[in-house]
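What follows is one structure encoded as structure tokens, with my remarks underneath.
The values are calculated or read from the model by the stated rules, or taken from the named source; none is laboratory data. Please read these numbers as outputs of a predicted model, since none were measured by experiment. Backbone-built Cβ (ideal geometry, glycine too); neighbour counts: all protein chains shown. Heads up: the accessible areas ignore ligands, DNA and RNA and are worked out on the full protein's heavy atoms, side chains in. Shrake-Rupley method; radii C 1.70, N 1.55, O 1.52, S 1.80 Å.
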Amino acid sequence: MKLINHLKTINKHKYYVTMLCFKCGLYKQGLLHDLSKYSPTEFLAGAKYYQGTASPNNAERMDKGISTAWLHHKGRNRHHFEYWIDFSRTSQGIAGAKMPVNYLVEMVMDRIAACKVYRGKDYTDASAWEYYQRERPYLNSAMHTETRAELEK
């Protein structure tokens, strides 16, 4: 049953993102959004750790210390700012590169859709912003400053 419920959750999320992206004129991105979630690496882990109220990636991370599904996902989907992290040309270590605006918009649509799916009847228009505010302290060092400023604007 977890497998079916996970598939329903993915499909519902993808539908919401697609509709939101269409409203922004991002037709191709809406149609192609999160196709990697149907790959065995992401789908099987998602079904195993399915809860229905939160991302299964967190449950996998709690169980194994790492989410292989998330590592696979963020490396293939440009709407995640983590996709844009690379070695810095100007400083030691890694840093976030500036995201193109179309992927930044898709990221916002993705977070709105995730909140709609996971919060259900408790969803409000403030939900995605509240979620971002909770994770913001962890993002400051990784997200490019211009991307963060554009996102918050």
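Among Leu71, Leu139, the order of accessible area from largest down is Leu71, Leu139, computed with a 1.4 Å probe on protein heavy atoms.
On the basis of the beta-carbon distance and an R0 of 22 Å, Met1 and Ala54 show a calculated FRET efficiency of 0.80. Straight-distance candidates among the lysines for linking to Lys153, with alpha-carbon spacing under 18 Å and chain neighbours fewer than 8 residues away dropped: Lys98. Straight Cα distances below 16 angstrom link Lys116 to the lysines Lys8, Lys12, Lys14, with same-chain residues fewer than 8 positions distant left out. Largest accessible area first, the listed residues Ile94, Ile85, Ile4 line up as Ile94, Ile4, Ile85 when surface is computed with a 1.4 Å probe on the assembled protein chains.
Label sites at Ile94 and Leu71, each approximated as a point 7 angstrom past Cα along Cα to Cβ, lie 1.1 nm apart.
With a 1.4 Å probe rolled over the protein heavy atoms of all chains, the accessible area of Leu7, Leu104, Leu44 falls in the order Leu44, Leu7, Leu104, largest first.
Residue-wise HN-Hα couplings along the stretch 91-99, as the Karplus relation 6.51 cos²θ - 1.76 cosθ + 1.60 with θ = phi - 60° gives them from phi, are 9, 6, x, 9, 7, x, 8, 5, 7 Hz; Gly and Pro carry x.
Take the Cβ atoms of Lys121 and Ser39, set R0 to 30 Å, and the FRET efficiency comes out at 0.45. Across q = 0.12, 0.13 Å⁻¹, the stretch 30-153 modelled as identical point scatterers on its alpha-carbon atoms has Debye log10 I(q)/I(0) values of -0.49, -0.58, in the order of the q list.
Along the stretch 118-130, what does the Karplus equation 6.51 cos²θ - 1.76 cosθ + 1.60 (θ = phi - 60°) give for ³J(HN,Hα), rounded to whole Hz, x for Gly and Pro? Result, rounded to whole Hz: 7, 8, x, 5, 8, 5, 10, 5, 8, 4, 5, 5, 4. Using a probe of 1.4 Å on the protein chains alone, the accessible area found for Asp125 is around 140 Å².
Each residue of the stretch 137-151 is assigned a 3J(HN,Hα), and the resulting list reads x, 7, 8, 3, 7, 9, 7, 4, 4, 5, 5, 4, 4, 5, 4 Hz, derived from the Karplus form 6.51 cos²θ - 1.76 cosθ + 1.60 (θ = phi - 60°), x at Gly and Pro. Here the stretch 1-17 and the stretch 76-153 have alpha carbon centers that stand 22 Å from each other.
For the stretch 48-121, what is the relative contact order in percent, using Cα pairs closer than 8 Å and at least 6 residues apart in sequence? Don't skip to the end; give the middle numbers.
Details: 55 pairs, mean separation 16.1, N = 74.
Relative contact order for the stretch 48-121 comes out at 22 percent.
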